[in-house]
């Protein structure tokens with residue numbers, strides 16, 4: 001029996017990335033972010049989403065790809081990373097795909113400028129490669145604590 005994983009596809013620059021749909025709580029239109037002083041550059045601030053304070057990071061900056069230019073297509077993926085909810089700014093959320101486990105390979109050390117520590121694998125699709133982001137690796141221990149402090153300070 002073939003095993004499939006459901007992936008939400010999003011864009012950073014012209015590259016497509018994917019994340020396990022089970023880790024994505026919602027996809028939101030970009031909204032105004034309240035900045036929080038003295039935080040890492042990639043932590044853009046916080047948003048109030050249905051009564052909850054959600055820290056927001058620019059995923060492009062986190063992956064050292066540059067900062068995000070805001071457009072009509074810009075979205076915030078609300079995800080569960082480690083034990084904290086966080087919003088990820090992406091250029092666009094484009095698709096939901098079922099990907100066969102057998103088409104996923106280990107990532108090379110550096111691919112497209114993104115260190116492999118942030119990647120859970122590379123899915124070979126018919127027309128392109130899809131980089132699968134490992135949300136547990138997006139934030140290291142200190143950064144995860146910094147995100148929690150941002151939320152606690154704003155509550």
Only one residue in 79, 96, 56, 122 is surrounded by 17 or more Cβ atoms within 10 Å (Cβ to Cβ), within 18 Å of the chain's Cα centre (by Cα), in contact (Cβ under 8 Å) with a residue 60 or more places away in the chain and assigned to a strand (DSSP E or B), so which one is that? 79
Mind checking whether some residue in the stretch 82-96 is out of contact with any strand residue (DSSP E or B) (no Cβ under 9 Å at 6 or more places or on another chain) and more than 16 Å from residue 138 (Cβ to Cβ)? no
So for the stretch 129-151 (the condition being touching a helix residue (DSSP H, G or I) at 6+ places or on another chain (Cβ under 6 Å), more than 16 Å from residue 22 (Cβ to Cβ) and buried (at least 19 other Cβ atoms within 10 Å of the Cβ)), does at least one residue qualify? no
From the list 99, 76, 46, pick out the single residue that is out of contact with any helix residue (DSSP H, G or I) (no Cβ under 7 Å at 6 or more places or on another chain), farther than 17 Å from residue 132 by Cβ and at pLDDT 90 or above. 76
Residue tally, condition touching a helix residue (DSSP H, G or I) at 6+ places or on another chain (Cβ under 7 Å) and surrounded by fewer than 17 Cβ atoms within 10 Å (Cβ to Cβ), over the stretch 59-73: 2
Could you tell me which numbered condition residue 74 fails, if it satisfies all but one of (1) under 13 Å from the mean Cα position of the chain (by Cα); (2) within 21 Å of residue 20 (Cβ to Cβ)? (2)
When the residues of the stretch 102-119 are narrowed to those that are more than 14 Å from residue 6 (Cα to Cα) and part of a strand (DSSP E or B), which ends up modelled with the highest pLDDT? 105
Unmet requirement for residue 88, which otherwise passes all of (1) at positive phi; (2) in contact (Cβ under 8 Å) with a residue 24 or more places away in the chain: (1)
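The values are calculated or read from the model by the stated rules, or taken from the named source; none is laboratory data. Fair warning: this is a prediction, and the values are worked out from it, not measured in the lab. Reconstructed Cβ throughout: ideal geometry from the backbone, glycine too, with neighbour counts over all protein chains shown.
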